[in-house]
1. For Ser82, Ser112, give me the order by solvent-accessible area with a 1.4 Å probe, most accessible first, ignoring ligands, DNA and RNA.
2. Would segment 23-157 count as rounded, prolate or oblate if I go by the C-alpha gyration tensor, calling it rounded below 1.5 in a/c and otherwise prolate when a/b exceeds b/c, oblate otherwise?
3. What is the sum of charges, Lys and Arg at +1 and Asp and Glu at -1, for the other residues whose Cβ falls under 11 Å from the Cβ of Ser163?
4. Find the centroid of the Cα atoms in segment 144-167 and in segment 25-73, then give the distance between the two in whole Å.
5. Counting Lys and Arg as +1 and Asp and Glu as -1, what is the net charge of the other residues whose Cβ lies under 12 Å from the Cβ of His180?
Amino acid sequence: LPTRQSADESTHRTAVENSYVGVWTLKPSQDAAWLSEEAAGLLGLQTGGTISATQMLEHIYAPHRQTLKDAVDRSRSGRPFSVSVGTAATRGESWIELRGSLDIASGAQTTSLSGVLFDVTESVRQRERRRNAEAMLRSAIEKFPCPFALWDEKKRLTFWNQSFEMVFGLDDILRAGVAHETVMIARSGNVVSERASEEESGTTMLGLRT
């Protein structure tokens with residue numbers, strides 16, 4: 001009969017294979033690394049096993065290698081390790097995330113990083129699309145000729161243009177996430193009159209201090 005340990009290992013192995021999550025170990029001081037078959041595949045290697053840390057780094061997209069090096073240098077025992085980089089095999093088109101922790105061998109100076117590795121390409125692309133959309137929105141708002149501000153569903157400020165800041169004298173108060181009420185109170189110092197428009201429903205006419 002299989003032992004509880006072997007059953008747990010089998011379950012873990014099945015979960016890893018089904019989700020295509022790889023396992024890795026890195027020993028920078030010994031220029032050594034170990035990759036599971038899944039981790040190797042995600043990095044563009046034919047097979048897993050023991051390789052040099054230098055070889056592992058060569059399979060990271062060149063512009064991202066320093067990012068990984070810096071993350072390894074900053075790693076500390078007891079703190080989670082996490083870094084996302086592109087792969088050399090896809091010239092940075094595919095992204096992986098390495099998560100793990102730093103281990104220090106008892107009674108020795110040897111340190112190693114180990115953890116899991118998985119594909120995060122779609123997440124990275126979604127973030128890029130979101131950043132691009134926000135950049136386009138910011139550009140459109142800034143080009144709008146009149147004061148303009150955008151609030152989220154909780155009445156918190158998300159975007160505004162320079163005209164909104166200058167007309168109402170809000171340079172000291174405006175920041176992403178500030179409450180609508182706070183901005184309305186702050187802008188009141190530059191508003192001398194306020195009434196609903198008789199011509200356009202939902203429009204408020206403001207008289208500003210000169």
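The values are calculated or read from the model by the stated rules, or taken from the named source; none is laboratory data. As the structure is a computational prediction, the values presented were derived from the model and not from experiment. Cβ sites come from the backbone with ideal geometry, for glycine too, and all protein chains shown count toward neighbours. Each accessible area value is taken on the protein alone, full model and side chains, heavy atoms only, with ligands, DNA and RNA left out. Shrake-Rupley method; radii C 1.70, N 1.55, O 1.52, S 1.80 Å.
1. Output order, biggest surface exposure first: Ser82, Ser112.
2. Here segment 23-157 falls in the prolate category.
3. Neighbourhood net charge equals -1.
4. 46
5. +1
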